[in-house]
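Notes follow once the structure below has been shown.
The values are calculated or read from the model by the stated rules, or taken from the named source; none is laboratory data. What you see is a predicted model, and the numbers here were worked out from it, not measured in a lab. With ideal geometry, Cβ positions are generated from the backbone for all residues, glycine too; neighbour counts draw on all protein chains shown.
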Amino acid sequence: MAKRLAFFLAWLSFLVVCGSWGFLIKNEQIVTCDNYYSYPKYISNFSSHVASVVDYYIWLKDVKSEENIMDNEIDWYMITEEGIKLYNATQTISNILNFGYYIKDTQTGEVITNVIDDEPIEFLKKQRTYVYINNRNVYNQHLYRADHIMEIMRGTNYEVYAAVIEPLKSGDEFYDDYIRYTRVKSWMIFVIISLIACSILLIGCLAYIFSGTWKGIWQEQKEEKKPVPIIDKVYLDIHTLGAAILTGVCAFVFVKTLDDYYYNEPKSILVFIVVLSLAFITWLSYSLSLTRRTKRGKLSDNILFIIILRKIRAFIKDCFNGRIFRAWILLLLPVYVAVNGVLSAIIVGAIVNNYYRHVIIIIGFSLVLINVLAFVSTSSALRSLSTIMEGTKQISQGNLDYEMNPDKMSPVFAAFAENICNIRGGLKNAVEEAIKGERMKTELITNVSHDLKTPLTSIINYVDLLKREDVESKKAKEYIGILEEKSARLRVLIEDLVEASKASSGNLSVNFEKVDLHELVLQAQGEYQEKMEKAGLDIRISSEDNNIFVRADGRHMWRIIENLMSNVLKYSLRGSRVYINITKNQTDGVLIIKNISAVPLNIPAERLTERFVRGDEARTTEGSGLGLSIAQSLTALQRGKFDIQIDGDLFKVTVEMPLWKDSQ
């Protein structure tokens, strides 16, 4: 509330201060003079009246009579100096009210006067403002146009007496100026007091507003949460330019309406207030915004001109550092075109105007030399670009040993070629590290598996020996059975682990042959038929063609199907159906197996092919979590496709292997 009141008082004080200054500036002559008779405009009016009387009755008396002038065209006034003077003098004399004059020709005794009095000269001498003029000097009064008047009076026999007759009567300039003078003088003290008081109030309100803004910014920086005002997001130089233009428009309108404002024109007063209010709001908002920006720091970061200069500087720096190879082309191309155009124009001009031949020869040779250099540079750049394109092609095809020498490249593409070489080197190092890591992992798994097989074989043999012994204790027999089951499971796990490692690393040999996919699935069904029936699973096989032959390794293909059937047996819902579909498309033989999972499938499908990954609810069941991983690796090893899809509890696996072609 206090801040709003301060804004209102500052606005009101600003209006009063501007109005007061405008009042004092507009009436500067009245404010600085002691009385009405020293008022410059009063003296100017008096001088003008005296000059008009002298012009009309002495200088221009023989030019035209008043009657003839009235009958003539007005254009006459505009084409001669005498006409203009006569017209102005006529207008002035016709409006005389508070001005008296007495003109006498001392040679002829002729008198011209507008004073009605028995003693007109004495009457005029009694007035506060009085002047006497003869052919030698001007007495009793300073006149602005004295030189002009004396030029006319010199060499004549005239005497002129003139004065402002008081008391003033309403109806001419002397009276109107007097009323304005007295009105301004009566308001002057009040205006000065208002100016001083409102200036102090304005300074106080602005100090309060700016101090509050400064403290508010400090609080914002402390809290670091309040958003920046929209006006502070405008670039500072754009904001400054806009404020300056708007203020200039306001100042122009202010000056134009100032006269009408002091004559109390209601419309002009309203415009005056609106214009000043707009200027006040503009500069107050600008000043507050500048204060906030200054307090936050980094003022130059919000100046558009500086930002553009920085970007241009960075762009030029990047160009000369070779970071932006296209920039050279963009910069050199217009220069090249301009040079060719200028030199060609000079040659044509020289030929047309028959200039010296040696000039044409020198410029022509320069033009040819520039174009030859441009051709050589362009050819070098194109060769470098071709080399870079070939290098990227080789790298994309896996040839990471392809070498490019950036030092032999065109400067336009040298940095680009160096970046390509760095990418190639990085890829090569990454591939070597990956191969090294995979090899070490495979060796580790192989060594660990080999070390585990020896004690595991001993355990299995001793368990077998214990089974042959006549053990009477039932608990001992149960323990022996558990040992036999777990040791067999551990042996399968080790074998699966070794095979998964070999399959993922590609260390397994592949013997491609013609494999009957339908027959292979039927064999797997026969082997797992009894186990499936015990698990309550009903297998449904459908095939659109009983003779679908694929190009695969029979041993690996059998392991894929075996792992998938084992997966179905372990994780399918008891009493559900298992659908196996054998089909083909234009390029591949397709095997699709679908079953209902006994446990929720609460992990992404792609994670099921990772090693040792199973659904959370399936971790208590038999299985190593390697079956699907091995199947996927063996499929990829044979250049096939392996895909898993999950829809609720529906589990679907698709294996695609290339069809066998007789030409193979």
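Taking the criterion of being surrounded by fewer than 17 Cβ atoms within 10 Å (Cβ to Cβ) and in a helix (DSSP H, G or I), would at least one residue in the range 168-175 satisfy it? For the range 168-175, residues surrounded by fewer than 17 Cβ atoms within 10 Å (Cβ to Cβ) and in a helix (DSSP H, G or I): present. Taking the criterion of being free of Cβ contacts under 8 Å to residues at least 40 places away in the same chain and acidic (Asp, Glu), the only residue of the range 164-179 that qualifies is Asp176. Within the range 1-19, the residues that satisfy the criterion of being crowded, with 17+ Cβ neighbours inside 10 Å and of a type in the set (Gly, Ala, Ser) are Ala6, Ala10, Ser13, Gly19.
For the range 363-421, which residues satisfy the criterion of being of a type outside the set (Ser, Thr, Tyr), in contact with a helix residue (DSSP H, G or I) (Cβ under 6 Å, 6 or more places away or on another chain), over 23 Å from Val337 (Cβ atoms) and not in a helix (DSSP H, G or I)? Leu400, Met404, Met409, listed by residue number. Sort out which residues of the range 119-164 are modelled with pLDDT of 85 or more, outside any loop (DSSP other than H, G, I, E, B) and charged (D, E, K, R), and write them in order of number. Matches in the range 119-164: Glu122, Lys125, Glu159.
Of all the numbered requirements in (1) modelled with pLDDT of 75 or more; (2) buried (at least 18 other Cβ atoms within 10 Å of the Cβ); (3) out of contact with any Gly (no Cβ under 6 Å at 6 or more places or on another chain), Thr587 misses one, and that requirement is (2). Test of understanding: among Thr378, Thr392, Thr442, which residue is of a type in the set (S, T, N, Q), within 30 Å of Ile494 (Cβ to Cβ), surrounded by 11 or more Cβ atoms within 10 Å (Cβ to Cβ) and out of contact with any Phe, Trp or Tyr (no Cβ under 9 Å at 6 or more places or on another chain)? Step by step, each of Thr378, Thr392, Thr442 is checked, and only Thr442 is of a type in the set (S, T, N, Q), within 30 Å of Ile494 (Cβ to Cβ), surrounded by 11 or more Cβ atoms within 10 Å (Cβ to Cβ) and out of contact with any Phe, Trp or Tyr (no Cβ under 9 Å at 6 or more places or on another chain).
Scanning the range 547-597 for residues that are of a type outside the set (S, T, N, Q) and assigned to a loop (DSSP other than H, G, I, E, B) yields a total of 5.
Please specify each residue of the range 204-252 satisfying the condition of being among the small types (Gly, Ala, Ser) and modelled with pLDDT of 80 or more. It would help to see each step written out before you state the result.
Of the range 204-252, the ones among the small types (Gly, Ala, Ser) are 204, 207, 211-212, 216, 242-244, 248, 251.
Gly204, Ala207, Gly242, Ala243, Ala244, Gly248 - these are the residues of the range 204-252 that are among the small types (Gly, Ala, Ser) and modelled with pLDDT of 80 or more.
For Ile116, the test of being outside any strand (DSSP E or B), at pLDDT 85 or above and of a type outside the set (D, E, K, R) is passed. Inspect the range 489-510 for any residue being assigned to a helix (DSSP H, G or I), farther than 30 Å from Glu438 by Cα and over 60 Å from the mean Cα position of the chain (by Cα) and give the result as yes or no. So far as the range 489-510 goes, no, none of its residues is assigned to a helix (DSSP H, G or I), farther than 30 Å from Glu438 by Cα and over 60 Å from the mean Cα position of the chain (by Cα).
Each residue in the range 445-474 was checked for being assigned to a helix (DSSP H, G or I) and more than 26 Å from Val492 (Cβ to Cβ), and 1 of them qualify.
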